[in-house]
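Q: Would you mind keeping the following structure in view while I ask a few things?
The values are calculated or read from the model by the stated rules, or taken from the named source; none is laboratory data. This structure is a prediction, so every number in the text was calculated from the model and none was measured. Cβ atoms come from the backbone with ideal geometry, glycine included; neighbour counts cover every protein chain shown.
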Amino acid sequence: MTRSMHSFALYGAVLGSLLWLGGCGKHESAPPAPASASTAPAAAASAPAGSATRPPAGAASAAAARAASVAPAIAPVTAPAPLSVAKLTLGSAVNADHQVIRASNSFATSDKILYASVATEGSSGGATLNAKWSYLEGQGQLVSSISQSIATDGPAITTFKVQNPDLWPEGRYKVEISLDGKPVAQQDFAIKKS
């Protein structure tokens with residue numbers, strides 16, 4: 001009879017320790033529930049006099065190791081910034097990265113190709129950039145309208161070009177950039193005799 005009471009007390013202590021260990025980490029801001037404390041008086045009352053009940057050896061160190069291994073809270077993931085146009089640059093030549101070499105707003109009638117480099121920031125799974133080139137003299141004639149699709153997860157350069165195999169007419173011009181149909185940047189420029 002003494003042996004079964006001792007086994008029952010040991011079983012109660014082990015069960016209490018396991019309940020306490022199972023609760024570790026579930027409520028990190030609240031102190032652990034005293035599950036082993038509530039079972040200890042009952043186990044101690046049923047244990048024979050002179051015997052002590054303890055959690056199994058190593059249970060406290062295992063609980064401390066488990067508490068130390070709880071990962072710190074992960075910072076919330078923020079949504080990437082939406083795509084936006086950061087800068088529009090015009091020129092008559094570009095480098096290997098499609099960036100305008102020398103920015104200008106004045107060109108010669110003999111410049112065959114004109115470039116508009118559009119620097120964007122943010123990200124998009126699919127957007128459409130459009131460059132609308134217009135000759136502003138007289139009634140404002142459309143020279144060209146070019147669209148390009150863009151998908152990016154950060155800064156990017158999209159370059160548009162317009163060319164004329166003949167001499168450009170002298171006068172005032174404008175290029176307008178739109179992003180998904182909404183105007184986002186524009187720049188006036190002039191073409192003069194060289």
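Q: With respect to Gln139, determine if the residue is assigned to a loop (DSSP other than H, G, I, E, B), surrounded by fewer than 17 Cβ atoms within 10 Å (Cβ to Cβ) and polar (S, T, N, Q). Steps first, please.
A: Working: assigned to a loop (DSSP other than H, G, I, E, B): yes; surrounded by fewer than 17 Cβ atoms within 10 Å (Cβ to Cβ): yes; polar (S, T, N, Q): yes.
Against the criterion (assigned to a loop (DSSP other than H, G, I, E, B), surrounded by fewer than 17 Cβ atoms within 10 Å (Cβ to Cβ) and polar (S, T, N, Q)), Gln139 qualifies.
Q: Now a separate question. Within the range 72-85, does at least one residue satisfy the condition of being among the small types (Gly, Ala, Ser) and at pLDDT 95 or above? Please lay out each step first, then the result.
A: Within the range 72-85, the first condition is being among the small types (Gly, Ala, Ser), and the residues that meet it are 73, 75, 79, 81, 84.
Add one more test, that the residue is at pLDDT 95 or above, and what stays is none.
No - not one qualifying residue is present in the range 72-85.
Q: Now, a different point. Filter the range 106-150 for residues that are in contact with a Pro (Cβ under 8 Å, 6 or more places away or on another chain) and farther than 27 Å from Lys193 by Cα and give the result. Let's see the steps before the verdict.
A: Restricting attention to the range 106-150, the residues satisfying the condition of being in contact with a Pro (Cβ under 8 Å, 6 or more places away or on another chain) are 109, 112, 119-124, 135, 137.
Passing the criteria: Ala119, Thr120, Glu121, Gly122, Ser123, Ser124.
Q: Report yes if Asp188 is in a loop (DSSP other than H, G, I, E, B) and under 17 Å from Thr89 (Cβ atoms), otherwise no.
A: So Asp188 fails the test.
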